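Derivation of every value follows stated rules applied to the coordinates shown; laboratory data play no part. Note that this is a predicted model, so its numbers are computed, not measured. Glycine also receives a Cβ, built like all others from the backbone with ideal geometry; neighbour counts cover every protein chain displayed.
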Amino acid sequence: MQTLHGYDGIDAGHRGAVIALGNFDGVHLGHRAVLDVARKLADTAGAKLGVALFEPHPRRYFAPDARAFRLMSPARRDALLAALGVAQLHVLEFDAVMAQMTPEAFVQRVLADGLGISGIVTGADFRFGAGRAGSTVELAQLCAARNIRSDFAELEGNGSDKVSSTRIRQAIHDGNMQAAAELLGVRWTVDGIVVHGNQRGRTIGFPTANIDLGDYVRPAYGVYAVMVGIDGEAATRPAVANIGKRPTVDGTTELLEVHLLDFDGDLYGCELAVEFHDHLRPERRFDGLDALKAQIALDAASARDVLTRVAGPA
């Protein structure tokens, strides 16, 4: 998959694609439905399958101080899109100019003149243009006038059951990792670089790899059974993780702490993929490090039991 930034100066070899347009954070089942329709339209037209998305996410542009909401790292998103057969990815900067474009200006300047697409597919509830003024009906009309084919994917589910990034974020906020996985089509995974911590876990026999959550959506605070991959490997290493502010040691910063079971090695500077399987318990304060150590041992045993059942018998 080739990645192209912006919509000016696109060479002839990258024009004429059929694109799926959206944000694609999470590449969830709703996004995949859009991609399926776009793939069929591209096949019919004999065109490449492309995706166009916005960076920064419009939500972050309009509300820079809003709570963290990302479902997936850009690298994981792009790898999933490539695996789904996307040939080219157009990353469109969402700035003041983009935010103020009318629906007609967006279609003319970005889609027709800029990207030079032959077709476009969005979800049936897609809105675009300044103030979200444009509907799919208007998008179809504007595209038809410019000989751009269009199609629209019906929503996965309906009403309160609609697959959406909002619904997935709520499941994660609630600690419901099973529901999140069903909506995403994959286990929710946090990718991050291991940073130096206070090494307190090492002193009580449970060394942890610490990861800054950045702009990831925040799960319910507590302890989780997770599988971990190190530096690009598949997430197959069993582990127990805590997300929260560590009230027993008077922590104040949100942190993801991961203790790998049956592992002894230096992880500083490594990139971990932390795949969430089950919420074991809420975060709570303990009466000292001895009580915390005893509980972590119980948590590790619970995580091992959950993950053994997931993996099946050896």
Just tell me which lysines come within less than 28 Å, Cα to Cα, of Lys293; anything on the same chain fewer than 8 places away is out.
-> Lys245
Unit charges on C-beta of K, R, D, E only; dipole of the stretch 2-161, Debye | 160
At 25 °C and 0.890 mPa s, the Stokes-Einstein diffusion coefficient in µm²/s for the stretch 15-84, with hydrodynamic radius from the Kirkwood sum on alpha carbon pairs, is 187
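I'd like the antiparallel share, as a percent to the nearest 5, of DSSP beta bridges with both residues in the stretch 2-161. Write out the running numbers ahead of the final one.
Working: 1 of 23 bridges.
Roughly 5 percent of the beta bridges in the stretch 2-161 run antiparallel, per DSSP.
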Separation between Cα centres of the stretch 14-90 and the stretch 272-297, rounded to whole Å | 36
Can you give the calculated 222 nm mean residue ellipticity of the chain, where each DSSP H run of n ≥ 4 adds -39,500 (n - 2.57) and the sum is split over every residue, rounded to the nearest 500 deg cm²/dmol?
-> -8500 deg cm²/dmol
Across all Cα atoms of the chain, Rg and the largest Cα-Cα distance (Dmax), in Å, are 22.1, 71
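Let me check I have the definition right: for the stretch 10-141, take the eigenvalues of the Cα gyration tensor, multiply each by 5, take square roots. What are those semi-axes in whole Å, largest first?
Working: eigenvalues 93, 73, 38 Å².
Listed largest to smallest, the semi-axes of the stretch 10-141 are 22, 19, 14 Å.
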Given the options Ala47, Ala79, Ala225, which has the most mean-square fluctuation in a GNM of the chain, springs set between C-alpha atoms less than 10 angstrom apart?
-> Ala79
Three-way shape label, the stretch 11-52, alpha-carbon gyration tensor, a/c 1.5 | oblate
Setting aside same-chain residues fewer than 8 positions from Lys48, which lysines have a Cα under 17 Å from its Cα?
-> Lys40
